Amino acid sequence: MESIRIKTASKQYPVLIGKNAINELSDFITNEFSHLSKILIITDEKVAELHLQTVKKVLIKTGKPVLQHVVPEGEHAKTFDVFYECQSYALSQQLNRKSLIIALGGGAVGDLAGFVAATFMRGIPFIQVPTTLLAHDSAVGGKVAINHPLGKNMVGAFHQPEAVIYDLEFLHTLPLKELRSGFAEVVKHSLIADEEFYRWLRLNIVDLNNVKDEQFLTMITKGISIKASIVEKDEKETGIRAFLNFGHTLGHAIEGSMGYGNFTHGESILIGMVYALKLSKKKLDLNFNLNEFIDWVTSLGYRTTIPRQLEKEVLLHLMKTDKKSVHGGATFVLLSQLGTPLLMDMDDSALLEEMNELM
Ligand code: NAD
Ligand code: ZN
């Protein structure tokens, strides 16, 4: 079992990662919440079928009433309607300011349940119980949100969890496509912060169908530590937290134009990372063996070129209107060295030219 303590300006909380980490949940709740009224688990249909009973069994030991509310899978969970239903359920079941929400699922459930917790009666505590690899990224950092038809994650809050309990057993049921999506964020964390970790990944992770528990433990612990060290310095995203968007400017544009849910987040940002690496080589002389990288990720099943049906001009427009864009142009996270990111405004011609090479 690994344990990391996250320290932000607003709060400190533990992250526990390991096989059967879920068994720690009841003691944590009993120790931390002396006047708890009720526990509400928010989870999605798929995760409910696979893992809800395990979690409920653990929660019995708290002796508190445990309620559950099951929402649709994926982005379908992050809608105003589902958000409203969660609030209605919580009110109808008389949850109050002494209640606790458990987010059991991937990033979508975590974002939704976290936003429900952030807003129910002006904010109640919640605990993240991630069940996807991608959630090593989303469960830490306190950003919670739902989507608006005009933009993903556009309605949300900063609300840190009380704890993150990451049981590696839950990952065993994750489909390959979802593993691949999450692994792209692991790769991102290595590239922006830790060259040695990147090398370890490239040498050790050669088949996503055969990742051992101790390898998951290493990649999740490292990934979360990297994210945490950035978030600790910049909780509300005014500066260096933007480095976490490495690969995301083009990635978001691809993900959005392919239709959310059709192309996973990780698949999209992986192409975005190849693009940002190419720009980094060109603009900043980044010393990096890109061909080796492309061979590796291709063997893991990623594509590394922009889907042909997408139009460059449309992608360019999307990149410039990305909410992370600072000056109206496209601001990119590039690397001057592996592990050393910086922000750079890019002009249209350079961006278009580089896209040509990636189509
Ligand atoms: P997800 O929660 O939609 O899960 C992906 C799919 O896997 C779903 O169909 C889900 O039912 C299924 N699933 C989950 N756990 C499973 C398991 N153990 N076994 C089998 N199936 C399982 O998606 P995700 O990829 O975890 O997260 C993506 C979301 O995270 C996006 O909405 C994105 O905006 C958000 N996100 C948030 C942050 C943040 O900082 N808040 C960061 C990154 C991503
Ligand atoms: Zn991401």
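The values are calculated or read from the model by the stated rules, or taken from the named source; none is laboratory data. The structure presented is a predicted model; accordingly, all values stated were derived computationally and were not measured. All Cβ positions, glycine included, derive from the backbone under ideal geometry; neighbour counts span all protein chains shown. Surface areas here come from the heavy atoms of the whole protein model, side chains and all, with no ligands, DNA or RNA. Shrake-Rupley method; radii C 1.70, N 1.55, O 1.52, S 1.80 Å.
In table form, for the structure just shown:
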quantity: Breaking point among (1) more than 16 Å from ligand 2 (Cβ to nearest atom); (2) touching a Lys or Arg at 6+ places or on another chain (Cβ under 7 Å); (3) in contact (Cβ under 8 Å) with a residue 60 or more places away in the chain; (4) assigned to a loop (DSSP other than H, G, I, E, B), for Pro161; calculated: (2)
quantity: Qualifying residues in segment 141-151 (those that are in contact with a Phe, Trp or Tyr (Cβ under 9 Å, 6 or more places away or on another chain) and open to solvent by less than 40 Å² (accessible area, probe 1.4 Å)) - the one farthest from ligand 2 (Cβ to nearest atom); calculated: Ile146
quantity: Residue match in segment 37-44 (condition: at negative phi and assigned to a helix (DSSP H, G or I)); calculated: no
quantity: Tally, over segment 209-248, of residues that are polar (S, T, N, Q), under 18 Å from Phe183 (Cα atoms) and over 15 Å from the mean Cα position of the chain (by Cα); calculated: 4
quantity: Residue check, Ala163 open to solvent by 10 Å² or more (accessible area, probe 1.4 Å) and either closer than 14 Å to Val15 by Cα or in the same structural domain as Thr54 (by TED's automatic domain parsing) (or both); calculated: no
quantity: Qualifying positions in segment 107-130 - farther than 20 Å from Ser92 by Cβ, within 13 Å of ligand 1 (Cβ to nearest atom) and either open to solvent by 10 Å² or more (accessible area, probe 1.4 Å) or part of a strand (DSSP E or B) (or both); calculated: Gly107, Ala108, Asp111, Gln128, Val129, Pro130
quantity: Residue count for segment 190-208, restricted to those that are farther than 19 Å from Leu168 by Cα and open to solvent by less than 20 Å² (accessible area, probe 1.4 Å); calculated: 5
quantity: Members of segment 136-147 that are over 13 Å from Ala77 (Cβ atoms) and either in a strand (DSSP E or B) or of a type in the set (A, V, I, L, M, F, W, C) (or both); calculated: Ala139, Val140, Lys143
quantity: Residues within segment 209-233 that are open to solvent by 10 Å² or more (accessible area, probe 1.4 Å) and in contact with a Lys or Arg (Cβ under 7 Å, 6 or more places away or on another chain), tallied; calculated: 3
quantity: Hits in segment 237-261 - residues which are closer than 14 Å to Leu334 by Cβ and aromatic (Phe, Trp, Tyr); calculated: Phe243, Phe246
quantity: Subset of segment 1-36 (residues that are outside any helix (DSSP H, G or I), of a type in the set (S, T, N, Q) and surrounded by 15 or more Cβ atoms within 10 Å (Cβ to Cβ)); calculated: Thr8
quantity: Lone qualifier among Leu112, Leu133 - being over 18 Å from Ile6 (Cα atoms), in contact with a Phe, Trp or Tyr (Cβ under 7 Å, 6 or more places away or on another chain) and within 16 Å of ligand 2 (Cβ to nearest atom); calculated: Leu133
quantity: Residue match in segment 140-163 (condition: within 8 Å of ligand 1 (Cβ to nearest atom) and within 28 Å of Trp296 (Cβ to Cβ)); calculated: yes
quantity: Residue selected from segment 41-60 under the condition farther than 21 Å from Gln93 by Cα and in contact (Cβ under 8 Å) with a residue 12 or more places away in the chain, by the criterion farthest from ligand 2 (Cβ to nearest atom); calculated: Val58
quantity: Counted residues, segment 222-252 - those being outside any loop (DSSP other than H, G, I, E, B) and either among the small types (Gly, Ala, Ser) or touching a Gly at 6+ places or on another chain (Cβ under 7 Å) (or both); calculated: 11
quantity: Filter result for His136 (more than 9 Å from ligand 1 (Cβ to nearest atom), in contact (Cβ under 8 Å) with a residue 12 or more places away in the chain and closer than 16 Å to Thr8 by Cα); calculated: no
